[in-house]
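Q: Structure in structure tokens, see below.
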Amino acid sequence: MEQMNSQDASVTEPMLKVEGISKRFGGVQALQDVDLQVDTGEHVALVGDNGAGKSTLVKILTGAEHADDGSFWFAGEERHFRSPLEARRHGIETVYQTLALADHLDVVANLFLGRERYLLRLGPFSVLNRAAMKTEARALLERTGVQIPDLGAMIMGMSGGQRQGVAIARAAGWGSKMIVLDEPTAALGVQETAKVEEIIHTLKDQGVTVLMVSHNLRQVFDLVDTIWVLRHGRMVGARKAAEVRPQEIVSMITGADDASGLEFA
């Protein structure tokens, strides 16, 4: 299995640079002249209220939608991904809220879904190299800090936190240059959320670039370096998480000057 990128500290160009992205759906202007930058090895949060344009921007970056105007560069090259598969081939892995896991397959099969190892390739009579896949799967989970005692367990019987961990480990394990996390803990309880956040911290230690969409400001401040704020389809600013108060981010999200910081706690 390809190793996760330990980003070269000498690389100064951003991993992702977006300039002037606009997108309209009929009479609705979903995005207007949006800029965004994610540096190599950086963890960035994209925040905003419902309808701010977060999902649309992520879909454009990952090839699920196409921008009407604007450009973006990924890993130093200008890109216009025509599909999520093309984005994945160039190093962008996305973990959606739906996770895209196969419930009736075990952990190993899910980690290698579409990337299986074979002892023999004979079309429908091919023979999987299950031993090699299990060994690589165990190493991958250890690198990403995901704790799954039984690799032969079916996904359908796992907790939400374990399922999310498998999805993140799969994204991180294939030489990805950047991982996009879409509300990674939205449906999880407190303990499961803490476990997933530990995994995200491990990605930071591994030097993996992460763009995270989240409504949870507590989580955002704990996990990322930079916070970018969308409001009504426009990027209204970016702030370093270590240098800004939650109240200011909430004010940027809502447009209200007297935001308390509790709205997105």
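Q: Could you list all residues from the stretch 89-98 that are touching a residue at least 24 places away in the same chain (Cβ under 8 Å) and either within 13 Å of Ala75 (Cβ to Cβ) or surrounded by fewer than 19 Cβ atoms within 10 Å (Cβ to Cβ) (or both)? Outline the logic, then answer.
A: Here is the first cut: in the stretch 89-98, the residues touching a residue at least 24 places away in the same chain (Cβ under 8 Å) are 90-97.
His90, Gly91, Ile92, Tyr96, Gln97 - these are the residues of the stretch 89-98 that are touching a residue at least 24 places away in the same chain (Cβ under 8 Å) and either within 13 Å of Ala75 (Cβ to Cβ) or surrounded by fewer than 19 Cβ atoms within 10 Å (Cβ to Cβ) (or both).
Q: Residue by residue through the stretch 126-173, note down the ones that are in contact with a Gly (Cβ under 9 Å, 6 or more places away or on another chain), of a type in the set (Lys, Arg) and modelled with pLDDT of 90 or more.
A: Answer for the stretch 126-173, where residues must be in contact with a Gly (Cβ under 9 Å, 6 or more places away or on another chain), of a type in the set (Lys, Arg) and modelled with pLDDT of 90 or more: just Lys134.
Q: Taking Glu197 as meeting all but one of (1) acidic (Asp, Glu); (2) loosely packed, with under 14 Cβ neighbours inside 10 Å; (3) more than 17 Å from Val38 (Cα to Cα), write down the number of the exception.
A: Every condition holds for Glu197 apart from (2).
Q: Follow-up question, since we're still on this one. Does any residue of the stretch 88-97 turn out to be modelled with pLDDT under 90, closer than 18 Å to Arg170 by Cβ and hydrophobic (A, V, I, L, M, F, W, C)?
A: yes
Q: Given the criterion closer than 30 Å to Glu77 by Cα, among the aliphatic types (A, V, I, L, M) and out of contact with any helix residue (DSSP H, G or I) (no Cβ under 7 Å at 6 or more places or on another chain), identify the matching residue among Ala186, Ala171.
A: Numbers: Ala186 fails: closer than 30 Å to Glu77 by Cα.
Residue meeting the stated conditions: Ala171.
Q: So which of Leu188, Leu140, Leu128, Leu181 ends up being touching a strand residue (DSSP E or B) at 6+ places or on another chain (Cβ under 7 Å) and either under 26 Å from Glu86 (Cβ atoms) or surrounded by 17 or more Cβ atoms within 10 Å (Cβ to Cβ) (or both)?
A: On the way: Leu188 fails: touching a strand residue (DSSP E or B) at 6+ places or on another chain (Cβ under 7 Å); Leu140 fails: touching a strand residue (DSSP E or B) at 6+ places or on another chain (Cβ under 7 Å); Leu128 fails: either under 26 Å from Glu86 (Cβ atoms) or surrounded by 17 or more Cβ atoms within 10 Å (Cβ to Cβ) (or both).
When all the criteria are applied, what remains is Leu181.
Q: Out of Ala109, Ala87, report the one residue that is over 22 Å from Lys177 (Cα atoms) and in a helix (DSSP H, G or I).
A: Ala109
Q: Still on this model: Quick check on the stretch 147-161: of everything there that is part of a helix (DSSP H, G or I) and in contact (Cβ under 8 Å) with a residue 24 or more places away in the chain, which residue is surrounded by the most Cβ atoms within 10 Å (Cβ to Cβ)? Full working, then the answer.
A: Let us first name the residues in the stretch 147-161 that are part of a helix (DSSP H, G or I), namely 155-157, 160-161.
Filter once more, keeping what is in contact (Cβ under 8 Å) with a residue 24 or more places away in the chain: 155-156, 160-161.
Details: Ile155: 19, Met156: 11, Gly160: 17, Gly161: 21.
Step by step, filter the stretch 147-161, then rank; the result is Gly161.
Q: List the strands (runs of 3 or more DSSP E) inside the stretch 31-84, counting only whole elements, that have at least 1 residues being without any contact (Cβ under 8 Å) to a residue 24 or more places away in the chain and not hydroxyl-bearing (Ser, Thr, Tyr).
A: Values: elements: 43-47, 69-74, 77-79.
Here the list reads 77-79.
Q: What residue, of Asp8, Asp35, is among the acidic types (Asp, Glu), at pLDDT 95 or above and surrounded by fewer than 22 Cβ atoms within 10 Å (Cβ to Cβ)?
A: Asp35
Q: Now for a separate question. Are there any pairs with C-beta distances below 7 angstrom linking a residue in the stretch 118-137 that is within 21 Å of Ala172 (Cα to Cα) to a residue that is part of a helix (DSSP H, G or I), with the two at least 6 apart or on different chains, and if so which?
A: Met133/Val108; Lys134/Val108; Ala137/Val107; Ala137/Val108; Ala137/Leu111
The values are calculated or read from the model by the stated rules, or taken from the named source; none is laboratory data. Note that the structure is predicted; figures quoted are calculated from it, not measured. Every residue, glycine as well, gets a Cβ built from its backbone with ideal geometry; the counts of neighbours run over all protein chains shown.
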